[in-house]
Structure formats: C-alpha cells, structure tokens
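The structure under discussion is supplied below as structure tokens; questions concerning it will follow.
The values are calculated or read from the model by the stated rules, or taken from the named source; none is laboratory data. Note that the structure is a prediction, hence the values are computed from the model and not measured. Please note: Cβ atoms are built from the backbone with ideal geometry, for glycine as well, and neighbour counts cover all protein chains shown. Surface accessibility is based on the protein's heavy atoms, side chains included, excluding ligands, DNA and RNA. Shrake-Rupley method; radii C 1.70, N 1.55, O 1.52, S 1.80 Å.
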Amino acid sequence: MRGRFITLEGMDGAGKSSHIDSIIATLAARGLEVVSTREPGGTQLGEKLRELLLHEPMHAETETLLMFAARREHIAQVIEPALVRGTWVVSDRFTDASFAYQCGGRGVERSKVEALEHWVQQGLQPDLTLLFDVPVEVSVARLAAARTPDKFERESIEFFRRIRNGYLLRAETQPERFRLIDGNRLLDVVRHDVIEILQNFGR
Ligand code: TYD
C-alpha cells in the first residue's frame, strides 16, 4: 500500500520544528516506516540550493524557480520512491510555503506558482498538512529571541503578515487536507494535539 505524505507548515517562529521528533515517534509506534525530510533541501543538490536560498539575495522569481528546482529533485529522489514502497513521508515544509512566502510574501504571481506546482508535482499533493499558526507578533518576538536569522527571518512584520494570510488562504481553499494548529499555547499542550492527530490519521 502507498505511504502517506504529511507536511508541516507555518511562519518562521510558529513552532513546527519543535514537533517533528514526536510526530516521527508517534508514526513509528504505529509500526509505520517513516522518512523525515525538509524543504528547501532533502537531497544533496537540494541542500546546496537551500544554502543559496537562505543566504543569497536574488530576484523573487529566481527564488521561486530554485525552490521548485529543489522540490523536483526531492520528489524524484526521496518523496515518490518512499511513497511507492509504502513508507510515510514527513516533510518540514513543501509547496504551501511557496504560496505563502513567494506569492504572499514576495508578490510573485499566483498563476506562475500554480504552473510550477503542476509541472513539478504532476498531481502529487500532501495527504495531511499541519499548519502551525500563531499571531504575527508572537512569531516575530520568538525570532528576535532565537539564533542568527536567515534571509527570510530578517524580513519585516508586514512580510510575516502576508505569509500568515497566504497560509490561511491556502488552508481555506483546500480544507480537506489542512489541520490548523494553534501554536500560541504551551509546548506540551500543542504536542498533545499533534500526537492525537497522528495517532488517528489514515486509519
Ligand atoms: P525553515 O524551514 O524555517 O528552517 P529553519 O527552522 O532551519 O529556519 O527555513 C526555511 C525557509 O525557507 C523559511 O523561511 C521559509 C522559506 N521557504 C520559502 O520561502 N519557500 C518555500 O517553498 C519553502 C519550502 C521554504
């Protein structure tokens, strides 16, 4: 049986990365084979592109094209082969991030990102997307307290407002695969919700 494809999304500072380990552990405890991966990245080439994407200034459309170039490689080398052999895939970000950051944040035309989505994914969509949502002020405050920021994390509060709206809009248009997680609660409370979703998903 084909594996399931699960993605984690949210603004920088929304807290998604804190839950990856418990998500993998929950699925493994169900006896499932799981691959944990991330975007941009997930392959040798993709990780090189990630370095450029997170640190080099570039035109917004160049950024979009490189995100999808990395994604093409990721799907071909990691995601699709895993799903075919029945392994579940958990990816820290996927295409919803391109709609939120490149369309919402940078203003790249939606139709262009949709064209890349169809080209690169050929119908592949996540089966489940956990969208970690926090007020923009919370995310910005968390980032200010954290390590050295990358190119995206140095953006303005207005940029993050557009990212959040971009994500929420995407969740509204594809409600069947999205689960909205309120990330503005104690870590353990959020973790409890996340684990419950993963214990029941796909049964
Ligand atoms: P992130 O996943 O937050 O990693 P870390 O926790 O190490 O900071 O960083 C990846 C950044 O890339 C994030 O700011 C969002 C951005 N991004 C896009 O702009 N578009 C995309 O399609 C993807 C996958 C990520």
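Ignoring solvent entirely, what values of log10 I(q)/I(0) come out of the Debye formula for region 124-176 at 0.21, 0.22 Å⁻¹ when each Cα is a single scatterer?
-0.84, -0.89
Next question. Could you list which residues have their amide H under 5 Å from that of residue 42, counting only those 5 or more apart in sequence or on another chain, with H placed in the peptide plane?
Placed amide hydrogens put 47 under 5 Å from residue 42.
Moving to a separate point now. So if the hydrodynamic radius of region 98-203 is defined as the Kirkwood radius over C-alpha pairs, what does Stokes-Einstein give as its diffusion coefficient at 4 °C and 1.567 mPa s, in µm² per second?
Details: Rh = 15.5 Å.
Answer, rounded: 84 µm²/s.
Let's test the formula: R0 of 25 Å, r as the Cβ-Cβ distance of residue 45 and residue 112. What FRET efficiency results, to the nearest 0.05? Write out the running numbers ahead of the final one.
Working: r = 22 Å, r/R0 = 0.90.
The formula returns an efficiency of 0.65 here.
Return the single residue from 122, 102, 77 with maximal mean-square fluctuation; model: Gaussian network over the chain, springs between Cα atoms under 10 Å.
Among 122, 102, 77, the largest mean-square fluctuation in the Gaussian network model of the chain belongs to 122.
Residue by residue, what Karplus-based ³J(HN,Hα) values in Hz, rounded to whole numbers, does region 152-161 have, using 6.51, -1.76 and 1.60 with θ = phi - 60° and x for Gly and Pro?
With the stated coefficients, region 152-161 comes to 6, 5, 8, 5, 6, 5, 5, 4, 5, 4 Hz.
Which residue, 166, 135, 34, has the largest displacement toward the positive end of the dipole of the chain when charges sit on each Cβ (Lys, Arg +1; Asp, Glu -1)?
34
Then there is this: Rolling a 1.4 angstrom probe over the protein heavy atoms, how many square angstrom per residue are accessible across the chain?
Details: 9890 Å² over 203 residues.
With the other protein chains kept in place, the chain gives 49 Å² per residue.
Carbon-plus-sulfur fraction of the accessible area of region 1-124, 1.4 Å probe, in percent? Intermediate values should be presented prior to the final figure.
On the way: 2880 of 5400 Å².
Looking at region 1-124 in its full context, I get 53 percent from C and S.
On to the next question. Based solely on C-alpha atoms, express the radius of gyration and the Dmax of the chain in angstrom.
Rg then Dmax for the chain, in Å: 16.1, 45.
Considering the options 3, 17, 187, tell which one lies farthest towards the positive end of the dipole of the chain, charges being +1 on Lys and Arg and -1 on Asp and Glu at the Cβ, about the Cα centre.
Value: 3.
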